[in-house]
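**Q** I am attaching a structure below and will ask some questions about it afterwards.
The values are calculated or read from the model by the stated rules, or taken from the named source; none is laboratory data. As the structure is a computational prediction, the values presented were derived from the model and not from experiment. Cβ coordinates were reconstructed from backbone atoms using ideal geometry, including for glycine residues, and neighbour counts include every protein chain displayed. Remember, those area values only see protein heavy atoms, side chains included, never the ligands or the DNA or RNA. Shrake-Rupley method; radii C 1.70, N 1.55, O 1.52, S 1.80 Å.
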Amino acid sequence: MPESKIRTMGQQFGRRSWAEPWKIKMVEPLKMLTPDERRQALHEAGFNTFLLRSEDVYIDLLTDSGTSAMSDRQWAGMMLGDEAYAGSRNFYRLEEAIRKYYGYTHIVPTHQGRGAEHLISRALIEPGDFIPGNMYFTTTRLHQELAGGTFVDVIVDQAHNPTDPSPFKGDVDLAKLEALIKKVGAEKIPYVSLAGTVNMAGGQPVSMANVKAVRKMCDRYGIRLYLDATRMAENAFFIQEREAGYGDKSIAEILLEFCSYTDGAWMSAKKDNLVNIGGWLAVNHQDVFEKASNLVVVYEGLHTYGGMAGRDMEAVAIGIEEMVEDAHIHSRVRQVRYLGKLLVNWDIPIVEPVGGHAIFLDAKRFYPHVPQSQFPAQTLAAELYLDSGIRSMERGVVSAGRDPQTGDHRYPALELARLTIPRRVYTQAHMDVVAESVKAVYDAREKTRGLKMVYEPRYLRFFQARFEPLA
Ligand SMILES: Cc1ncc(COP(=O)(O)O)c(C=O)c1O
């Protein structure tokens, strides 16, 4: 191509370019294994990307959980860790940040998100209860089930369709919610479990109009509403971008308003809050706070550290302040979208619209010849690793697990391989390399065969299951 034809990224999309709003102060070298070494590593890992050694991975898109790069301010904050067993100064900083940006009254720290899910599930669910929610999440549902509850999916139908272009595919279907309340009775529903954004649907957002309507319905029936706030800053970005009346509001204002319609939230701080470990539960009702702060000392740690070191809590407090900066969240979501646009441009099937934290490859359309019982998304994650050392993860039949009543595989409508983008870690050049690798795997799709599961653990099987290629 002649030099004059070379175009910057922005020019290719008919606009001025944007760049990541940070510069790199410390680097971590990456290494790519040879194709033979990758094949060997994948065999040893039982064709499960969770079982690969991170050293054998080139670009790691397994998860955005705990993989963020912390800022210089966060690292400096870690030196201010007050490692007292009780009453650490950093706990009060964290409490202040959560009150200011999320608006909740009482805070219980936990080691990570599932610690908070355990506390809220144990505090509120009685055996025989039903918990409606906008699509299941693996650990959330498991804690609800372990507490004796049954999760019921009340997300809008569009969420199960990877090509539906609706802007808020994370919304609750109010008719489904009301039908459940009428069927089982409000007294059997301890709370509605709302997540923003919805991970398993492809990072799809919930609209402000929807959370307001859910709140109204909850009030009508006397049911509480709790939020999985793990990626609520990303959800706020989509409201700012897509919902009438919010274009001029800041991410911080939108987040605070959204949370004000809920009674509390659990949080994996390892995502939006830009830290490598941590979580919290925040509630407005004193009775729930008392139960949770009693349980936390049994399962996590004292109620002023909950499994985190003082320095970790300081990093979370600073991460919350950085998370709501508009420049940060804009570049974060746009980087994900950039990768998505490249793939769509090559007609590679992904979940659309692109969500906040990841690109979800639609394995059913990618490998139409591989039946869901042969784990097409698991196969796709394995093939990507073989092609380039890029690590992704399965979000399909393996993640969905088995029905506790029948023992059968649950076959979700969505069979996806997730390319999850860590925050502030990779550049646009990495995204180009990823896109080209997905294209190479797509071009070779017809030769690809599925897998069979040869080892299956009882809980959250996707983490440790092992597979072999079908002959
Ligand atoms: C939506 C959502 N909720 C809860 C969790 C659980 O959080 P953690 O991994 O910190 O235990 C996760 C993490 O993957 C998540 O994505």
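**Q** Take residues that are open to solvent by 30 Å² or more (accessible area, probe 1.4 Å) and tell me which of the strands (runs of 3 or more DSSP E) falling wholly in the stretch 363-471 contain 1 or more.
**A** In the stretch 363-471, the matching strands (runs of 3 or more DSSP E) lie at 451-455, 466-469.
**Q** Also, I was wondering about something else. Of all residues in the stretch 145-180, how many are among the hydrophobic types (A, V, I, L, M, F, W, C), open to solvent by 10 Å² or more (accessible area, probe 1.4 Å) and not in a loop (DSSP other than H, G, I, E, B)?
**A** Within the stretch 145-180, residues that are among the hydrophobic types (A, V, I, L, M, F, W, C), open to solvent by 10 Å² or more (accessible area, probe 1.4 Å) and not in a loop (DSSP other than H, G, I, E, B) number 7.
**Q** Let me ask something else about it. Which one of these is closer than 30 Å to GLU28 by Cα and touching a residue at least 24 places away in the same chain (Cβ under 8 Å): ILE359, ILE348?
**A** ILE359
**Q** Within the stretch 1-35, work out how many residues are acidic (Asp, Glu) and more than 16 Å from ALA69 (Cβ to Cβ).
**A** 1
**Q** Does the stretch 153-167 contain any residue that is within 14 Å of the ligand (Cβ to nearest atom), within 22 Å of ALA282 (Cβ to Cβ), among the β-branched types (Val, Ile, Thr) and under 22 Å from the mean Cα position of the chain (by Cα)?
**A** No.
**Q** Can you confirm whether the stretch 78-94 contains a residue that is within 16 Å of the ligand (Cβ to nearest atom), surrounded by 15 or more Cβ atoms within 10 Å (Cβ to Cβ) and not hydrophobic (A, V, I, L, M, F, W, C)?
**A** no
Yes or no, residue by residue, for (1) polar (S, T, N, Q); (2) within 30 Å of ALA76 (Cα to Cα):
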residue	(1), (2)
GLY222	no, no
LEU227	no, no
ASN235	yes, yes
GLN240	yes, no
GLU243	no, no
ILE254	no, yes
THR262	yes, no
MET267	no, yes
ASN276	yes, yes
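**Q** Looking at the stretch 332-347, is at least one residue surrounded by fewer than 23 Cβ atoms within 10 Å (Cβ to Cβ) and not in a helix (DSSP H, G or I)?
**A** Among the residues of the stretch 332-347, at least one is surrounded by fewer than 23 Cβ atoms within 10 Å (Cβ to Cβ) and not in a helix (DSSP H, G or I), which makes the answer yes.
**Q** Could you tell me whether VAL214 is more than 13 Å from the chain's Cα centre (by Cα) and within 16 Å of the ligand (Cβ to nearest atom)?
**A** So VAL214 does not fit the description; no.
**Q** For the stretch 1-42, enumerate the residues that are loosely packed, with under 12 Cβ neighbours inside 10 Å, in a helix (DSSP H, G or I) and not polar (S, T, N, Q).
**A** GLU3, LYS5, ASP36, listed by residue number.
**Q** While we're looking at this one, here's another question. Quick one: how many residues across the stretch 112-149 are more than 12 Å from the ligand (Cβ to nearest atom) and among the basic types (Lys, Arg)?
**A** Qualifying residue count for the region: 1.
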